[in-house]
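The values are calculated or read from the model by the stated rules, or taken from the named source; none is laboratory data. Nothing here was measured: the structure is a model prediction, and the numbers come from that model. Positions of Cβ are backbone-derived with ideal geometry, glycine not excepted, and every protein chain shown enters the neighbour counts.
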Amino acid sequence: MPEVTRRIGLSLGADICWPICYTEILDRLDLRVPMDGDTLRFETRRMTIEPFDLRETVDHSVVIDRLTHWYHPTREWIKKAVLLDDVYVFNNPWSVQSMEKHTAYAAMIKLGFPVPDTWLVPPKEYDPQQDLRDTLERYARYFDLGDIGRVLGYPLYMKPYDGGGWRGVSRIDDEAALRAAYEMSGKLVMHLQAAVEPFDLFVRCVGLGPQVRMVNYDPSAPLHDRYTTDREFLEPEDVRLLRDMTLTINAFFGWDFNSCEALRGREVWHPIDFANPCPDSQVTSLHYHFPWLIKANLRWSIFVAATNRPMQMNLDWGPFFEAVDEDMTLGERLSATAAVAHQRFQSDRFREFCHEHLSHLDEVTHEFFGTDVARAAVREKVAAMYPHHEIEEFTELFWSRIQDWRGEAPADDEGVM
Ligand SMILES: Nc1ncnc2c1ncn2[C@@H]1O[C@H](COP(=O)(O)OP(=O)(O)O)[C@@H](O)[C@H]1O
Ligand SMILES: [Mg+2]
């Protein structure tokens, strides 16, 4: 059978550790996948930034993109590559560009998910614009922040409608604090959102294609301890619900790779932050969970490249809305919308593919994360983030957590569902 090489592009910025591990493991897998009369081989290439002709042919099957949300030349190259060259990219650049947290809230409210009560307020200040004065004089209504605070109750959260990375987020205890925070909010367009308090669990669900990992998250801990190493902290019913919620959101927005945060307050899971389509992938935050992420990424990207999975360029929301009706409980809604998500992600075909072609991935990954190359990748990331005198200490900390994972693997695998 003729050998055909499928190329996986890595569109990178500040990422250090995961691309090294991803590429090393891909090479060690030494794949030869028979597909439609060919034998498929796989290689990675790091994308470079340079002028491009819109008509130039692009020789990539898949691009794993980490730049689109802030670096526009790459985003536009990707759009051209999807439209003209049938390249599959995760995540969908049009969706990343236009679907902020606000849209995500609105869509999930329409599906009947318990998003906490949320208001949007016009900003305190504006950039000068030609029609601004006329527009505001004619149409802007005076409003009393205190009224909104009374409707939502305290504490509440003020945060940007298109938030990310905890930028501009404040927890507000009373009306005076609300007024003060608004005064300071400048040009940001803010949401005011009822706090889910008290909550007994904060879970971050990382989704990659149809694979989901749930992490017990401690937002009050320093960065290196936020992703706790707890396992089996959820009842099967919660696992099902959070998985369905994550897959629904990700399939709905065409985000193959996204993380969703949910808080459990008074027995109800509230999704609070689920528009994160360039999730943290660094060993310095994921540590123990890092090998899972690498494996999940390899499985999904290899599956996409090998099967020539068609990219869904346009989002199609109708089937999600049609799947739910008013009398359904949250669990029923979620299983109905997750069924649409599984179709979109080709979950059954994916599972079969992994069993058939990637059964050695667990073993290869396990072995790789015991090597000097893996340790050097961890150290390189730590060295880029920590002051000189902390490099050894934190390299050792993250490395030891990965070794804890090795001690338990492969029992950890929610990977192939
Ligand atoms: N409604 C809420 N109830 C309780 N805590 C919240 C709420 N909204 C935000 N938070 C807290 O603030 C943090 C940042 O808010 P989030 O919506 O996740 O913004 P970002 O997109 O910047 O991560 C959350 O991780 C959580 O700790
Ligand atoms: Mg968040």
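Just give me the residues in the stretch 29-43 being in contact with a Ser or Thr (Cβ under 9 Å, 6 or more places away or on another chain) and surrounded by fewer than 18 Cβ atoms within 10 Å (Cβ to Cβ), in sequence order.
Arg32, Met35, Arg41, Glu43
Exactly one of (1) within 16 Å of ligand 1 (Cβ to nearest atom); (2) closer than 15 Å to Cys354 by Cα is unmet by Ser281. Its number?
With (1) within 16 Å of ligand 1 (Cβ to nearest atom); (2) closer than 15 Å to Cys354 by Cα applied to Ser281, the lone miss is (2).
Exactly one of these conditions fails for Leu178: (1) more than 16 Å from ligand 2 (Cβ to nearest atom); (2) touching a residue at least 40 places away in the same chain (Cβ under 8 Å); (3) buried (at least 20 other Cβ atoms within 10 Å of the Cβ). Give me its number.
Evaluating Leu178 over (1) more than 16 Å from ligand 2 (Cβ to nearest atom); (2) touching a residue at least 40 places away in the same chain (Cβ under 8 Å); (3) buried (at least 20 other Cβ atoms within 10 Å of the Cβ) leaves (2) as the failure.
What's the total number of residues in the stretch 156-170 that are touching a helix residue (DSSP H, G or I) at 6+ places or on another chain (Cβ under 9 Å), within 8 Å of ligand 1 (Cβ to nearest atom) and modelled with pLDDT of 95 or more?
Here the count works out to 3.
Just wondering, is there one or more residues in the stretch 127-143 that are more than 16 Å from ligand 2 (Cβ to nearest atom), under 31 Å from the mean Cα position of the chain (by Cα) and under 24 Å from Ala106 (Cα atoms)?
No: zero hits.
In contact (Cβ under 8 Å) with a residue 24 or more places away in the chain, surrounded by 13 or more Cβ atoms within 10 Å (Cβ to Cβ) and outside the structural domain of Gln312 (by TED's automatic domain parsing) - does that describe any residue in the stretch 125-138?
Yes, the conditions are met somewhere in the stretch 125-138.
Restricting to the stretch 219-241, and then to whatever is within 20 Å of Pro291 (Cα to Cα) and without any contact (Cβ under 8 Å) to a residue 24 or more places away in the chain, can you tell me which residue is farthest from ligand 1 (Cβ to nearest atom)?
Glu232
Based on what the data block shows, is His102 touching a residue at least 60 places away in the same chain (Cβ under 8 Å) and either more than 17 Å from the chain's Cα centre (by Cα) or over 25 Å from Trp18 (Cβ atoms) (or both)?
On the way: touching a residue at least 60 places away in the same chain (Cβ under 8 Å): yes; either more than 17 Å from the chain's Cα centre (by Cα) or over 25 Å from Trp18 (Cβ atoms) (or both): yes.
Yes.
Answer yes or no as to whether Phe350 is touching a residue at least 60 places away in the same chain (Cβ under 8 Å), in contact with a helix residue (DSSP H, G or I) (Cβ under 8 Å, 6 or more places away or on another chain) and buried (at least 16 other Cβ atoms within 10 Å of the Cβ).
yes
Checking Arg213 against (1) within 16 Å of ligand 2 (Cβ to nearest atom); (2) buried (at least 18 other Cβ atoms within 10 Å of the Cβ); (3) of a type in the set (D, E, K, R): exactly one of these is not met. Which one?
Checking Arg213 against (1) within 16 Å of ligand 2 (Cβ to nearest atom); (2) buried (at least 18 other Cβ atoms within 10 Å of the Cβ); (3) of a type in the set (D, E, K, R), the one that fails is (1).
Identify the residue in the stretch 274-315 that is among the aliphatic types (A, V, I, L, M) and within 16 Å of ligand 2 (Cβ to nearest atom) and, among all such residues, is modelled with the highest pLDDT. Walk me through how you get there before you give the answer.
So the first thing to find is which residues in the stretch 274-315 are among the aliphatic types (A, V, I, L, M), and the list is 275, 283, 286, 293-294, 296, 298, 302, 304-306, 311, 313, 315.
After this cut, where a residue has to be within 16 Å of ligand 2 (Cβ to nearest atom) as well, the list is 275, 286.
On the way: Ala275: 92, Leu286: 98.
This residue is Leu286.
Between a first residue in the stretch 183-201 that is farther than 18 Å from Ile148 by Cα and a second residue that is of a type in the set (A, V, I, L, M) and within 16 Å of ligand 2 (Cβ to nearest atom), which pairs have beta carbons less than 8 Å apart while being 6 or more apart in sequence or on different chains?
Taking only residues 6 or more apart or on different chains, the pairs are Phe199/Leu263; Leu201/Leu263.
With surrounded by fewer than 14 Cβ atoms within 10 Å (Cβ to Cβ) and part of a helix (DSSP H, G or I) as the only criterion, which of Ala341, Ala384, Ala336 stands out?
Ala384
Just to verify a result, which residue in the stretch 193-202, among those that are part of a strand (DSSP E or B) and out of contact with any helix residue (DSSP H, G or I) (no Cβ under 6 Å at 6 or more places or on another chain), is nearest to ligand 1 (Cβ to nearest atom)? Break it down into steps so the answer makes sense when it comes.
Of the stretch 193-202, the ones part of a strand (DSSP E or B) are 193-194, 201-202.
Those left that are additionally out of contact with any helix residue (DSSP H, G or I) (no Cβ under 6 Å at 6 or more places or on another chain): 193, 201-202.
Details: Gln193: 5, Leu201: 12, Phe202: 7 Å.
Ranking the candidates gives Gln193 first.
Which condition number does Gly168 fail, the rest of (1) part of a loop (DSSP other than H, G, I, E, B); (2) within 30 Å of Pro277 (Cα to Cα); (3) more than 16 Å from ligand 2 (Cβ to nearest atom) being met?
In the conditions (1) part of a loop (DSSP other than H, G, I, E, B); (2) within 30 Å of Pro277 (Cα to Cα); (3) more than 16 Å from ligand 2 (Cβ to nearest atom), Gly168 misses (3) alone.
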